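Participant: Pasting a structure here, questions to come.
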Amino acid sequence: MKRRDVTDLAPIAQGLVLAFGLTITTAWPAWSAPASNTHYPKVLQDMVDAGKTQVMKQFPTDKNGLTGYLVEHRGYQTVVYGEDGYLMLGPLYDPQGHNLSKQYARKYKPKPDIGKVIHSLDADRMVTEGPKDAPTLYVFADPNCIYCHHLYQQVEPLVKAGRLRIHWIMVGVLGPSSVGRAATILKAKDPAADLARNESNFDVQHEQGGIAVGQPKGALGRVLKTNRQAMFDVGGSGTPTVLFRGRGGHWHEREGMPPKSWLDHYADLPRHNE
């Protein structure tokens with residue numbers, strides 16, 4: 001496993017709770033939902049009727065009799081499946097081991113405008129390290145995320161060598177202490193120093209950051225909610241989610257901790273101004 005998925009934390013009780021326990025507000029660009037008389041599995045229909053969930057797309061799958069649904073709840077979209085009245089959640093693999101859920105998500109989810117999302121965020125509320133002209137990564141990170149911790153350890157030598165520039169976009173998706181620690185970092189006089197302390201004192205055994213838990217009040221709380229929604233808007237479902245520019249200046253998103261070889265290669269790309 002190479003990332004901490006937000007959905008790992010939500011209980012599976014009361015129907016589709018995996019992706020639907022998230023407190024977010026802004027939805028993806030609107031799709032034309034199926035007609036209201038479309039037949040859904042009962043648990044999904046109940047959530048639609050209650051206004052808790054919207055079915056953005058219904059589609060046939062590669063398995064006869066199994067129907068796929070792209071559903072949205074409080075801004076987060078995921079693919080679920082229905083068959084004989086049952087509703088199923090989780091990745092669907094074909095007999096050859098291909099992850100069909102990823103294929104369906106790529107096909108049916110709206111394509112995010114990553115550049116637009118990034119420029120909508122408050123740059124002063126990012127934790128920025130490295131020279132301006134170095135190859136740049138934007139990373140959504142949770143202060144309690146063990147994989148973000150490992151990523152931090154890998155990129156810091158590149159940052160200190162002037163080979164990489166990182167914009168850490170702090171989110172709190174792994175529980176209340178995550179939100180509190182993210183708040184502590186963002187309200188610090190030197191956020192980069194507090195992030196460094198969080199990582200140097202990281203409790204690997206219990207997967208907890210190494211700084212005090214603050215209070216995300218007022219504008220700071222709104223920033224963290226905006227950051228979390230932005231992570232979902234660019235297609236991320238957990239931390240770390242990494243955004244970068246590839247060939248031709250096109251934006252890309254990848255979830256999980258990039259391999260060290262990938263980071264070294266990216267750091268060697270031609271320098272540019274943001």
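The values are calculated or read from the model by the stated rules, or taken from the named source; none is laboratory data. Keep in mind that this is a model prediction, so the values were computed, not measured. Neighbour counts are summed over all protein chains in view; Cβ atoms, including those assigned to glycine, are modelled from backbone coordinates with ideal geometry. For accessibility, only protein heavy atoms count, side chains too; no ligands or nucleic acids. Shrake-Rupley method; radii C 1.70, N 1.55, O 1.52, S 1.80 Å.
Participant: Counting other C-beta atoms within 10 Å, and keeping those with at most 12, which DSSP coil trypsin sites (Lys or Arg not before Pro) do you find in the range 192-274?
Facilitator: Values: sites: R197, K217, R222, K225, R228, R245, R247, R254, K260, R271; in loops: K217, R271.
Filter output for the range 192-274: K217.
Participant: While we're here: What percentage of the solvent-accessible surface of the range 157-229, computed with a 1.4 Å probe over protein heavy atoms, is contributed by carbon and sulfur atoms?
Facilitator: Details: 1790 of 3370 Å².
In the range 157-229, the share of accessible area belonging to carbon and sulfur is 53 percent.
Participant: Relative contact order, percent, of the range 153-243 when contacts are C-alpha pairs under 8 Å separated by at least 6 residues?
Facilitator: Values: 83 pairs, mean separation 24.4, N = 91.
Relative CO of the range 153-243 lands at 27 percent.
Participant: For labels at Q96 and Q54 in the simple 7 Å Cα→Cβ model, what's the distance in nm?
Facilitator: 3.6 nm
Participant: OK, next. In nm, give the distance between the simple-model label positions of A188 and H39, each being 7 Å from the Cα along the Cα-to-Cβ direction.
Facilitator: Output for this residue pair reads 5.8 nm.
Participant: With a/c under 1.5 counting as rounded, go ahead and sort the range 113-179 into rounded, prolate or oblate using the C-alpha gyration tensor (a ≥ b ≥ c being the square roots of the eigenvalues; past the cut-off, prolate if a/b is larger than b/c, else oblate).
Facilitator: Working: a/c = 2.29, a/b = 1.18, b/c = 1.94.
Oblate, because a/c is 1.5 or more while a/b does not exceed b/c.
Participant: Continuing with this model, one more query. For the range 125-246, what proportion of DSSP beta bridges, expressed in % and rounded to the nearest 5, is antiparallel?
Facilitator: Details: 8 of 14 bridges.
Rounded to the nearest five, the antiparallel share is 55 percent.
Participant: Still on this structure: If I ignore ligands, DNA and RNA and count only protein heavy atoms, how much of D113 is accessible to a 1.4 Å probe, in Å² to the nearest 10?
Facilitator: 90 Å²
Participant: As a test, work out the antiparallel percent of DSSP beta bridges whose residues both lie in the range 89-186, rounded to the nearest 5.
Facilitator: On the way: 4 of 10 bridges.
Bridges in the range 89-186 are about 40 percent antiparallel.
Participant: Let me ask you something else. Any chance you could check the Cα centroid distance between the range 64-107 and the range 211-234 for me, in angstrom?
Facilitator: Taking the Cα centre of each part, the range 64-107 and the range 211-234 sit 29 Å apart.
Participant: With the other protein chains left in place, how much accessible area per residue, in square angstrom, belongs to the range 187-270 at a 1.4 angstrom probe?
Facilitator: For the range 187-270, the solvent-accessible area averages 52 Å² per residue.
Participant: Okay, next question. So how far apart, in nm, are the two label points at H119 and M88 if each is 7 Å from Cα heading toward Cβ?
Facilitator: Output for this residue pair reads 4.3 nm.
Participant: May I pose another question? How many percent of the accessible area of the range 43-90 is carbon or sulfur, using a 1.4 Å probe? Please list the in-between numbers first.
Facilitator: Working: 990 of 2280 Å².
C and S fraction of accessible area: 44 percent.
Participant: Under 1.5 on a/c is rounded, so check that first for the range 197-274, then, if it is not, pick prolate when a/b is larger than b/c and oblate when it is not; a ≥ b ≥ c are the square roots of the alpha carbon gyration tensor eigenvalues. Before the final figure, lay out each step's value.
Facilitator: Values: a/c = 2.18, a/b = 1.43, b/c = 1.53.
Oblate, because a/c is 1.5 or more while a/b does not exceed b/c.
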